[in-house]
Ligand SMILES: OCc1cccc(Br)n1
């Protein structure tokens, strides 16, 4: 099941299947392996998260875009051994086309930009919240889908783009009640690796694969990828030198290693200065060991993490100036990040800053005391809805006890009962479910009642 389902606020009792129908094999009611259903309560949490993502994107002047979940497999064929391309959810369709469910959004974005052949006014500040897929052997029981907030800036070569993206990410964290004590953002630049490889005479074409291998070194012992390193022609001394540089924990130390003229150091220093301009420096820390696992990053890279170190990365991103070139397009500077829906929910739950999602958001339940009063009751519901309320009409005959229990269960604030005597006086009875007070209100005054209650 998925992370939101893992965090599911619903009772985790096992699903009691209905009694077996005679002779019919029962449908497996679970969603496909590694995927999640979003029941209404789960959907309210997801909508709350997406609404926060959208609000920050809007506040930073980003425009929403979308692309098909299904893409040509060719978008993801990169020879760098990245996890995201080795776990493609791919197949050959009935037209014999090699296709895949997108594992990330950036290639689709690059395809859309390239399709406009330079006709898009730059810079672009675009965002999307795509569901992304991977086919991972379920040995690790991990999810095969997640929703990932993507924010990208195209057409800006300087670290102003990365700083704006960082500020947007920090704004989201602050808006949901997290602080710089809860979350940090490690920042580095792949130019560091580039400058080290240059100094050791390693050719440029080995840069991307080396970065992916170095990223893997963060997770597995060197022996696990020794073969890949040797195949790449990186002997032990090169790897040791790389690892030594990646242990730098300060820009000054890095300057000592790479020298005064290091482009990496200059760019990172300029980026840090911009972060101070946004007053987000408390969230940011330089960490030369951060490389990220995507082959196409070319400059500054960053990764948001929980300071207690209990969870996987919350979000990540960086500069990818050459992606269009690898698609045969014109090189265009770009930077962006991806922010998954799973780890953040785990963190918010653990920090106990998630709101309750029990209530359905219905303001008022409307109930007709008998069938003859049903038509007047829906008329009352229409008045309340036109006045802006969310109204749940009880659609069939029920006992009043059931109605009040139902209204309480869905978190309604009021219950409007259309009874024979009151209706004859052009009135309805309104019960305030929080305080229990009940009063009669003229049907003609209901709009005023709604505005008075707001
Ligand atoms: O972040 C890597 C990734 C890609 C697609 C689906 C899932 Br779950 N995770």
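Taking the options 72, 59, name whichever one is closer than 30 Å to residue 213 by Cα and either modelled with pLDDT of 90 or more or touching a strand residue (DSSP E or B) at 6+ places or on another chain (Cβ under 8 Å) (or both).
72
So how many residues does the range 193-213 have that are free of Cβ contacts under 8 Å to residues at least 60 places away in the same chain, surrounded by 14 or more Cβ atoms within 10 Å (Cβ to Cβ) and assigned to a helix (DSSP H, G or I)?
Going through the range 193-213 one residue at a time, the tally reaches 4.
Taking the range 304-323 as the region of interest, how many residues are at negative phi and surrounded by fewer than 21 Cβ atoms within 10 Å (Cβ to Cβ)?
Qualifying residue count, the range 304-323: 9.
Answer yes or no as to whether residue 173 is within 16 Å of the ligand (Cβ to nearest atom) and at pLDDT 95 or above.
When the stated conditions are applied, residue 173 does not pass them.
Pick from 133, 149: which is in contact (Cβ under 8 Å) with a residue 24 or more places away in the chain, closer than 14 Å to residue 54 by Cα, within 13 Å of the ligand (Cβ to nearest atom) and under 14 Å from the mean Cα position of the chain (by Cα)?
149
When the range 217-235 is examined, which residues are found to be surrounded by 19 or more Cβ atoms within 10 Å (Cβ to Cβ) and either without any contact (Cβ under 8 Å) to a residue 12 or more places away in the chain or touching a helix residue (DSSP H, G or I) at 6+ places or on another chain (Cβ under 6 Å) (or both)?
Matches in the range 217-235: 225, 229.
Looking at (1) under 30 Å from residue 272 (Cα atoms); (2) touching a strand residue (DSSP E or B) at 6+ places or on another chain (Cβ under 6 Å); (3) assigned to a loop (DSSP other than H, G, I, E, B), which one does residue 179 not meet, given that it meets all the others?
(2)
(1) within 15 Å of the ligand (Cβ to nearest atom); (2) not in a loop (DSSP other than H, G, I, E, B): which one isn't true of residue 113, the others all being true?
Unmet condition: (1).
In the range 105-138, how many residues are modelled with pLDDT under 95 and touching a helix residue (DSSP H, G or I) at 6+ places or on another chain (Cβ under 9 Å)?
1
Does any residue in the range 332-358 that is farther than 16 Å from residue 311 by Cβ come within less than 7 Å, Cβ to Cβ, of a residue that is surrounded by fewer than 19 Cβ atoms within 10 Å (Cβ to Cβ) and modelled with pLDDT under 95 six or more places away or on a different chain, and which pairs are these?
Taking only residues 6 or more apart or on different chains, the pairs are 357/9.
Check 50, 38 and return the single one that is in a loop (DSSP other than H, G, I, E, B) and either away from the ligand (no atom under 12 Å from the Cβ) or in contact with a strand residue (DSSP E or B) (Cβ under 9 Å, 6 or more places away or on another chain) (or both). Spell out the reasoning first.
On the way: 50 fails: in a loop (DSSP other than H, G, I, E, B).
After applying the criteria, what remains is 38.
Which condition number does residue 141 fail, the rest of (1) free of Cβ contacts under 8 Å to residues at least 12 places away in the same chain; (2) in contact with a helix residue (DSSP H, G or I) (Cβ under 6 Å, 6 or more places away or on another chain) being met?
Of everything listed in (1) free of Cβ contacts under 8 Å to residues at least 12 places away in the same chain; (2) in contact with a helix residue (DSSP H, G or I) (Cβ under 6 Å, 6 or more places away or on another chain), residue 141 misses just condition (2).
The values are calculated or read from the model by the stated rules, or taken from the named source; none is laboratory data. Worth saying up front: this structure is predicted, and the values here are computed from it rather than measured. Counting neighbours? That spans all protein chains shown, and the Cβs are built from the backbone with ideal geometry, glycine included.
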